[in-house]
Amino acid sequence: MPCKFSRLALLTGASLGATLAAAPASADDLRSALLSAYKTNPALNAARDNQMAVDETVPLARADGLPALNATAQETEYVKKSPLNFTSPDRALAISTTLNVPIYSGGAVRNAIHAAETRVTAGRADLRGSESGVFAQVVAAYMDVMLGEATVRLSQTNVQKLSVTLQATSDRFQIGDLTRTDVAQAQSRLSLAQSNLQSAEANLIASRERYLQLVGTPPEMLQSPPPLPGLPASAEEAVSTALELNPDLLAARQRAKAAGYDVSSARASRLPKLNLFADGAYVDYMGSLTSSTTLPGGIPQSATTADFGLRATIPIFQGGRPTALIKQAQARQGAALENEIGAERAVIAQTRSGYSSWRAANAIITSTQSAVDAATLSLEGVRAENSVGNRTILDILNAEQELVNAQVQLATARRNAYVAGFSLLAAMGKAEARDLGLESGVLYDPEIHYHSAKSSLWDWGSDPTPAAKATSNLGSKPQDGVIGKP
């Protein structure tokens, strides 16, 4: 039977799509923060550009199996002629063309293409991992800002209450109702509360700067985040999903597969190769060809030649190069297989620990909420007892501090629970834009560039001059620890 945390996740997770769709497109909700990071985060944009570079490895590998046509033009000036040459031109213009058509390469090209295509698939998984990783950082930064604001707000309230308590204690000391010790205790607590407020404001500034770094815009009156979707009912379910969807594991599997193609491609280095060739040449001596022998009709000043045929290249001895290439590819395949097992172990450990952290964080919320309720009742009781002389000022100060501590711990537990839940989804491979209900119109599709690159046979194509898509924060204002009204 699912635990109470799992039942809660199933109930709240089902409504995320509607919640995100209904959220206003402003800069103060989690959805818009994720969208902003999705479009402007430099790490994510760099990952997309790197994937475009990986896409180009497919046409590079394919080019080795396609026909190649070359032309050569050469103009020669003969400044010193040999006396033994009976035909001595002053200059010559030679133009030649060569067509080479690979027919058989031992499977090297075919396997190289398969390896490149497999690495493109691995790169797409890496891109998914980069996306969920950036989103996890944004969620953590978002919740850190919310926690920082809550902590500052609680610290401000505590300072205000202790200021009132100090004033009241001083007034009662003036009339002889309390001692100087009571005043000193109230003053000490107020000073500590003021230092805690300064520390909370510094932490809030750091959280806001981190948010600005990731999202590209400063946080503005952040709203409570929506429920997380698809949280598992058990650790086994989480691991099963992660083994199927985790992008890091999928990338490792594809790289191990590509390494196998590399071995096959390396084996082709010791197999015969067959090419079809055709050559054509034209030479023009530009009227400068003379001869000591007079020929009827004069000496031809130009000539055209052409030939074609099949060329078979059979490797006999290459100094051990094929063996080294094969062994090198096999060693890299072994490393890729080990990395696949390592990635699998890491995913299992990360998912299990993530599930445990998420459950523990939810349990801490429940117990900490009970502590806050109890501390609230305790403070009310201590104040009532103090009014009849059964409690001291120190008892009130202790009860107030216990309540503040419990409230801060509750805010921290809520932050930790949400971040742990999102990290668990990331480990399961379910924390990408398509999983979070972001608009399909802005989603990046890596297949568009891949198909464009794969279908291109034109030698003169290029992309526009690269320009950064990420936004700069040079013009942003330094963040502060000031909070608005909740």
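Which value, to two decimals, describes the C-alpha radius of gyration of segment 425-486 once divided by 2.2 N^0.38 Å? Mind dumping the intermediate values first?
On the way: Rg = 19.9 Å, N = 62, 2.2 N^0.38 = 10.6 Å.
Normalised by 2.2 N^0.38 Å, the Cα Rg of segment 425-486 equals 1.88.
Given a Förster distance of 41 angstrom, what is the FRET efficiency for LEU443 paired with TYR104, based on the Cβ-Cβ distance and rounded to 0.05?
Working: r = 43 Å, r/R0 = 1.05.
So, using R0 = 41 Å, E works out to roughly 0.45.
Going from most exposed to least, what order do HIS449, HIS114 have by accessible area with a 1.4 Å probe?
If we order HIS449, HIS114 from most to least accessible, we get HIS114, HIS449.
Take the Cβ-Cβ distance between ALA63 and ALA206 as r, set R0 to 51 Å, and report the resulting FRET efficiency rounded to the nearest 0.05.
Working: r = 51 Å, r/R0 = 0.99.
Plugging the Cβ-Cβ distance into 1/(1 + (r/R0)^6) gives 0.50.
Using a 1.4 angstrom probe on heavy atoms only, work out the carbon and sulfur share of the accessible area of the chain in %.
Within the chain, the accessible surface is 57 percent carbon and sulfur.
Could you size up the charge dipole of the chain around its Cα centre, putting +1 on the beta carbon of Lys and Arg and -1 on that of Asp and Glu, and report it in debye to the nearest 20?
980 debye
Averaged per residue, what accessible surface does segment 422-483 expose to a 1.4 Å probe, in Å²?
68 Å²
Could you pull out every residue, at least 5 positions away or on a different chain, whose amide H is within less than 5 Å of the one on ASN246? Hs are placed 1.01 Å off N in the peptide plane, and Pro or chain starts have none.
none
Under a plain spin-label model, where a point goes 7 Å from the Cα along Cα-to-Cβ, how far apart in nm are THR290 and ASP373?
Between THR290 and ASP373, the simple spin-label model gives 11.7 nm.
Could you work out the equivalent-ellipsoid semi-axes for segment 245-339, taking the square root of 5 times each eigenvalue of the Cα gyration tensor, largest first, in whole Å? Display every interim value, and only then the final one.
Numbers: eigenvalues 636, 57, 25 Å².
Semi-axes from the Cα gyration tensor: 56, 17, 11 Å.
Send over the Kirkwood Rh of segment 126-185, from the inverse of the averaged 1/r over different Cα pairs, rounded to one decimal Å.
15.0 Å
Figure the gain on full extension for ARG270 and SER234 (residue separation times 0.36 nm, minus the Cα-Cα span) and round it to one decimal in nm.
Computed gain between ARG270 and SER234 is 7.6 nm.
Please sort by residue number the GluC sites (Glu not before Pro) in segment 389-486 whose DSSP state is loop and whose Cβ has at most 14 other Cβ atoms within 10 Å.
GLU439
Can you check how the C-alpha radius of gyration of segment 305-361 compares to 2.2 N^0.38 Å, as a plain ratio?
Dividing the Cα radius of gyration by 2.2 N^0.38 Å gives 2.46.
Are there DSSP H segments in the chain that both extend 24 Å or more along their axis (alpha-carbon positions) and score a mean Kyte-Doolittle hydropathy of at least 1.0? List them, or say none.
Qualifying helices, which must be both long enough and hydrophobic enough, do not occur.
Separation between the ASP49 and THR305 pseudo-spin-labels, each 7 Å from Cα along Cα→Cβ, expressed in nm?
5.0 nm
Convert 37 °C to kelvin, take the viscosity as 0.692 mPa s, use the Kirkwood radius over C-alpha pairs of segment 202-272 as Rh, and evaluate the Stokes-Einstein diffusion coefficient in µm²/s, rounded to a whole number.
The estimated diffusion coefficient comes to 188 µm²/s.
Out of residues 5 or more away from ARG391 or on other chains, whose amide H comes under 5 Å of its own, with H placed 1.01 Å from N in the peptide plane?
Those qualifying (amide H under 5 Å, at least 5 residues apart or on another chain) are ASN386.
Select from segment 76-139 those chymotrypsin sites (Phe, Trp or Tyr not before Pro) which occupy a DSSP coil region and have at most 11 other Cβ atoms within 10 Å, ordered by residue number.
Numbers: sites: TYR78, PHE86, TYR104, PHE135; in loops: TYR78, PHE86.
Sparse-neighbourhood loop chymotrypsin sites (Phe, Trp or Tyr not before Pro): PHE86.
Residues with amide H under 5 Å of SER302's amide H, sequence separation 5 or more or different chain, H placed in the peptide plane at 1.01 Å from N; which?
For SER302, the qualifying residues are TYR285.
Net charge within 10 Å of ALA329 by Cβ-Cβ distance, Lys/Arg positive one each and Asp/Glu negative one each, not counting ALA329 itself?
Overall, the nearby charge balance is +2.
Around ALA278, with a cut-off of 15 angstrom between Cβ atoms, what is the net charge of the other residues, counting Lys and Arg +1 and Asp and Glu -1?
-1
Would you mind getting me the FRET efficiency between SER476 and SER195? Use the beta-carbon distance for r and R0 = 30 Å, nearest 0.05.
About 0.55, to the nearest 0.05.
Under 13 Å from a point placed 7 Å out from the Cα of SER353 along the Cα-to-Cβ direction: which residues of segment 408-439 have their backbone N that close?
Output list for this probe position: 424.
Consider all pairwise Cα distances in segment 369-458 and report the whole-number % of them above 17 Å.
Summing the P(r) tail past 17 Å for segment 369-458 gives 70 percent.
Quick check: pseudo-label points 7 Å beyond the Cα along Cα→Cβ at ARG434 and ASP459, how many nm apart are they?
The two pseudo-label positions are separated by 3.8 nm.
Just the Kirkwood number for segment 319-421, please: inverse of mean 1/r across all distinct Cα pairs, in Å, one decimal.
18.3 Å
The values are calculated or read from the model by the stated rules, or taken from the named source; none is laboratory data. In this text the structure is predicted, and so the values were computed from the model without any measurement. Backbone-built Cβ (ideal geometry, glycine too); neighbour counts: all protein chains shown. Each accessible area value is taken on the protein alone, full model and side chains, heavy atoms only, with ligands, DNA and RNA left out. Shrake-Rupley method; radii C 1.70, N 1.55, O 1.52, S 1.80 Å.
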